Ligand code: HEC
Ligand code: HEC
């Protein structure tokens with residue numbers, strides 16, 4: 001029973017992030033929600049976070065690969081309960097939700113903005129300007145920030161980069177401060193995105209209070225039992241109330257597809273100016289232990305991706321980092337057949353499941 005309880009939403013803790021002091025600030029959450037849904041924060045004025053993370057659709061888009069200004073290379077993950085994770089993106093190349101939020105804004109395939117363009121856009125919007133000042137106690141009319149070039153930033157084309165390099169250190173720091181604060185507001189909102197109790201949660205609740213429950217049918221119960229067993233091994237990686245151990249594993253979906261996952265982002269993560277140990281973080285170095293002690297063994301992390309949450313899985317097809325599987329049948333087939341591909345050096349045990357057992361597990365997954 002204690003294992004079942006540990007998987008139920010009632011065991012969910014509130015998100016914590018010492019690197020974002022505005023996480024639970026109601027005004028920041030409101031400001032962040034407006035920014036999340038605002039397509040004017042993109043070069044074409046058509047792309048917002050909500051274009052790909054659609055609220056009515058478990059905060060994802062049902063596409064195989066994401067589509068912003070152009071098509072991306074990865075599947076859009078659902079944002080349900082995302083505040084529970086320590087690492088963000090399929091390869092975990094960001095260590096906080098606020099630092100994560102900065103990436104799509106500058107990504108040429110997504111919002112395609114430059115850093116100074118974002119500052120201009122916030123300044124030009126009366127409501128945003130007022131909200132910004134109220135939350136962060138800083139005016140956007142700071143002397144160093146007057147007369148900024150329209151398009152400058154460290155991640156654009158050569159022209160954009162040259163203009164960025166011409167700015168003084170003080171100007172660049174001022175812009176980065178605004179940029180990171182915008183990320184913190186968006187993150188405060190994103191951390192409030194949670195799933196509603198499902199049939200599984202109802203089942204655990206009833207079992208715990210009355211000792212019996214008919215919420216799940218026989219196939220679903222068999223699937224649950226198998227899921228928890230070492231015969232399937234699913235529970236070793238898909239655990240906690242969000243059914244993710246929050247760590248990185250190679251399950252034979254990387255390498256071959258030439259997307260090496262976690263191993264390729266370790267260096268980038270250590271040098272990211274917006275990480276937990278950087279100038280724009282609100283955390284003390286002693287609060288950044290995840291980053292400090294992360295596994296840096298590139299060989300061991302080759303082809304590894306962060307274990308995704310399985311909550312709301314019925315609504316989040318297609319599956320895996322590249323959206324390669326359209327159905328849960330395909331996913332279970334993958335797990336059952338991977339033993340034949342020893343050369344992939346996966347973290348998986350041999351998983352022998354009959355067709356009926358695979359079906360039962362799928363029925364169980366659909367109760368999440
Ligand atoms: C063009 C579609 C698109 C847009 C626009 C977009 N995202 Fe995403 N989002 C994705 C994709 C694709 C990924 C996974 C990328 C990867 O792992 O490399 C992702 C990943 C994420 C994650 C990490 C999820 C996880 O499981 O680790 C968060 C959080 C997120 N996006 C929030 C945002 C926010 C906030 C914005 C707006 C500032 C935004 N996204 C804009 C497609 C999009
Ligand atoms: C060694 C850890 C590990 C084990 C064991 C494991 N998984 Fe996974 N699972 C992962 C990782 C990592 C991914 C993402 C891989 C990718 O995106 O390429 C994943 C992806 C999934 C997905 C797709 C989720 C999505 O949103 O795309 C499902 C469904 C799933 N696993 C179910 C299961 C089931 C059922 C079992 C037991 C038969 C199982 N997993 C065993 C680590 C594991």
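By count of other Cβ within 10 Å, fewest leading, how are 49, 237 ordered? Walk me through the numbers on the way to the answer.
Working: 49 26, 237 18.
Fewest-to-most ranking of 49, 237: 237, 49.
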Once you have all Cα-Cα distances for the chain, histogram them in 20 Å bins from zero and send the whole-percent values.
27, 55, 17, 1
Taking a ≥ b ≥ c as the square roots of the Cα gyration tensor eigenvalues, with a/c under 1.5 meaning rounded and otherwise prolate when a/b beats b/c, else oblate, which class fits the stretch 55-99?
oblate
If one builds a Gaussian network model of the chain from Cα atoms under 10 Å apart, the most fluctuating residue listed among 187, 11, 66 is 11
How many angstrom separate the Cα center of the stretch 83-124 from the Cα center of the stretch 205-271?
27 Å
Once both labels are modelled 7 Å past Cα along the beta-carbon direction, what's the residue 127-residue 67 spacing in nm?
2.9 nm
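Helix-only mean residue ellipticity at 222 nm, the chain, DSSP H runs n ≥ 4 weighted -39,500 (n - 2.57), per residue, nearest 500. What is it? The partial results should precede the final answer.
Details: 15 runs with 140 residues, N = 368.
The helix contribution divided over the chain gives -11000 deg cm²/dmol.
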Shape metrics for the stretch 232-368, restricted to C-alpha atoms - Rg then Dmax, Å:
17.0, 54
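Pull out a ≥ b ≥ c, the square roots of the eigenvalues of the alpha-carbon gyration tensor of the stretch 1-77, then state rounded if a/c is under 1.5, prolate if not and a/b is larger than b/c, and oblate in the remaining case. Kindly include the intermediate steps, with their values, before the conclusion.
Working: a/c = 2.79, a/b = 1.42, b/c = 1.97.
Since a/c reaches 1.5 but b/c is at least a/b, the shape of the stretch 1-77 is classed as oblate.
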What is the distance, in nm, between label points placed 7 Å from the Cα along the Cα-to-Cβ direction at residue 165 and at residue 218?
7.2 nm
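Explain nothing, just the number: relative contact order of the stretch 18-190, from Cα pairs under 8 Å at least 6 residues apart, as a whole percent.
Details: 267 pairs, mean separation 49.8, N = 173.
So the answer I get is 29 percent.
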Roughly how many Å is it from the Cα centre of the stretch 141-191 to that of the stretch 294-342, as a whole number?
36 Å
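What length, rounded to one decimal in nm, is gained on full extension from residue 264 through to residue 146, with 0.36 nm per residue of separation minus their alpha-carbon distance? The partial results should precede the final answer.
On the way: separation 118, 0.36 × 118 = 42.48 nm, distance 3.84 nm.
Between residue 264 and residue 146, full extension yields an extra 38.6 nm.
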Per q in 0.11 1/Å, what log10 I(q)/I(0) does a Debye calculation on the alpha-carbon atoms of the stretch 18-190 return?
-0.44
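Rule-based calculations on the coordinates, nothing more; no lab input. This is a predicted model, so every value here is computed, not measured. Heads up, the Cβs are rebuilt from the backbone with ideal geometry, glycines too, and the neighbour counts pull from every protein chain shown.
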